[in-house]
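Student: Got a structure for you, written out below as structure tokens; questions coming shortly.
Here, each number is a calculation from the coordinates, and none is a lab measurement. Bear in mind that the values here come from a model prediction, so they are computed numbers and not experimental data. We place every Cβ from the backbone using ideal geometry, glycine too, and count neighbours over all the protein chains shown.
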Amino acid sequence: MSLPSTFGTPYRNSVNFDDKQNLHFLYHYTQAGILTTEYARISNFGPSDALSCFGKDTNILTRHPFSLIKQSFTWDNVKTNVITSNNVMFTEDTAIVTKELVCKIVSRCDSVHINGPAAACVGVPVRYTVSKNTGCFKNLDWGIDTTVAAIVNIEGDSAITLTFKKTFTGYIRASLTDCVVKDSFLVKAVVPKMPALIKHTDSMLCPGKTLVLNANAGYSNYIWQGNIVNQQLTVSSAGVYTITAADSCGITKTDSIKVILSDTSFILSATQTICLNDTAFIVLPGDINNITWQPTTNSLLRNKTLVAYPTQTTVYSINAERLPNCTLSKTSEVVIKNCPTTVFIPNSFTPNNDNKNDIFKPAVSQPLPFYHLQIFNRYGQPVFETTDQQNGWNGMYKGSKQPMGGYIYQCSYRFAGGVQKMVKGYFILIR
């Protein structure tokens, strides 16, 4: 008859213990001149609890033409699972296997130890293994709080796979059945705090140039669209670019960025006209930087405004950047004209709200870099004062209409390129 593969090479007078705790006996005998090999199997051989020694009496199956009497056996080598027997006798009628009735080694269960990662990620399966004495045959019981972690898989007495449902800091436990031997293992399950996958500030592209898109550090397995494996991507055209990467828990994240072309234009006054010795103001957009201009003579930059004092009509060429190395260019012309330098001061006004001569103020031929007007009543009390040549007196003082009569003015002024002057005089308020 054929022999099970667990026997290995058959040999005379042998006893084997297989991986399912079945005890096998091999018999070699000669009958009628023919060598014959048969076997008997004892099912579920082994201790019923950890304190029973291997060698406990076991019922022996009988197989014709031999009979095996009830005997005991000793576990001699725990590592190789070999049971040896002595004094085996074979006859044509009976085969008796005898063994010294001695229990040399007991099932030893005095240690259990959990191994695995102390840090876990919420929602990601994590595997923990456990080790116990080689000679311990007690079953292992896991202590898992299923409100915190779901059990994905249990691998007999050797390992368990868990998925944590929420953030958690605490212990998983393992113990031997009906035994005080146990172990606990501290685990911290977290949801990783990761930066955004893409730096969204890198989204403006200068026409005709390239832009490097940068994914933030801390991830792994960066893959841009088009299967480009890199943390960076260099682009030369506008569009939406997508990247995937794994966070610190191994979870795949996806992000995208829209690249748009930078506006290369900016608005300036094409032409402005000023009087000779006056000041030109060229106001620049607030979102440009690295501003340069030509010519620079008699000019300066003040708070994104080019202030110029040209002595003749001049075209200013202005260069600037919205993005690094992305130059924008514009021109602005300042036209110079010869303007009269006159100040006319009226001798009366009629503040009666008919929109005719309701305001008293000097008439000036051009803007003044310096201007100061004061008005006094006949008692010498000030009733009005301004430094704005567009502002005049409406005949009121502290919310009250001032009476008809004579008033005194004093006006100091200076034309561009000129000297400061002061004039005084008398005028009449008529109602």
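Student: Just in segment 166-213: which trypsin sites (Lys or Arg not before Pro) are loop by DSSP and have at most 10 other Cβ atoms within 10 Å?
Tutor: Lys193
Student: Net charge near Trp142, counting Lys/Arg +1 and Asp/Glu -1 over other residues with Cβ under 14 Å of its Cβ?
Tutor: 0
Student: Continuing with this model, one more query. Please give the net charge around Tyr316, taking every other residue with its beta carbon less than 10 angstrom from that of Tyr316, where Lys and Arg add +1 and Asp and Glu add -1.
Tutor: 0
Student: In the structure displayed, which of Lys304/Lys361; Lys209/Lys304; Lys356/Lys398 lie more than 29 Å apart, Cα to Cα?
Tutor: Lys304/Lys361
Student: Taking the alpha-carbon centroid of each part, what is the distance from segment 242-282 to segment 119-198 in angstrom?
Tutor: Rounded to whole Å, the Cα centres lie 52 Å apart.
Student: Quick one: compute the contact order of segment 271-337, relative version, from alpha carbon pairs under 8 angstrom and 6+ residues apart, as a percent.
Tutor: Dividing the mean separation by the residue count of segment 271-337 yields 41 percent.
Student: Test of understanding: express the Cα radius of gyration of segment 256-364 as a ratio to 2.2 N^0.38 Å, with N the residue count.
Tutor: With N residues counted in segment 256-364, Rg over 2.2 N^0.38 Å equals 1.59.
Student: Moving to a separate point now. Hey, which of these cross-link pairs are over 19 Å Cα-Cα: Lys132/Lys166; Lys337/Lys421; Lys165/Lys193; Lys258/Lys330; Lys188/Lys253; Lys165/Lys188?
Tutor: Lys132/Lys166; Lys337/Lys421; Lys258/Lys330; Lys188/Lys253
Student: If you consider only alpha-carbon coordinates, what radius of gyration and Dmax does segment 159-241 have, in Å?
Tutor: Radius of gyration, then largest Cα-Cα span, for segment 159-241: 23.0, 77 Å.
Student: With the dipole of segment 112-190 worked out from charges on the C-beta (+1 for Lys and Arg, -1 for Asp and Glu) around the Cα centre, which of Val180, Thr146, Thr134 lies farthest toward the positive end?
Tutor: Working it through, the farthest residue towards the positive pole turns out to be Thr146.
Student: Just flag the trypsin sites (Lys or Arg not before Pro) in segment 332-418 sitting in loop per DSSP whose Cβ has no more than 11 other Cβ atoms within 10 Å.
Tutor: Answer in residue order: Lys356, Arg378, Lys398.
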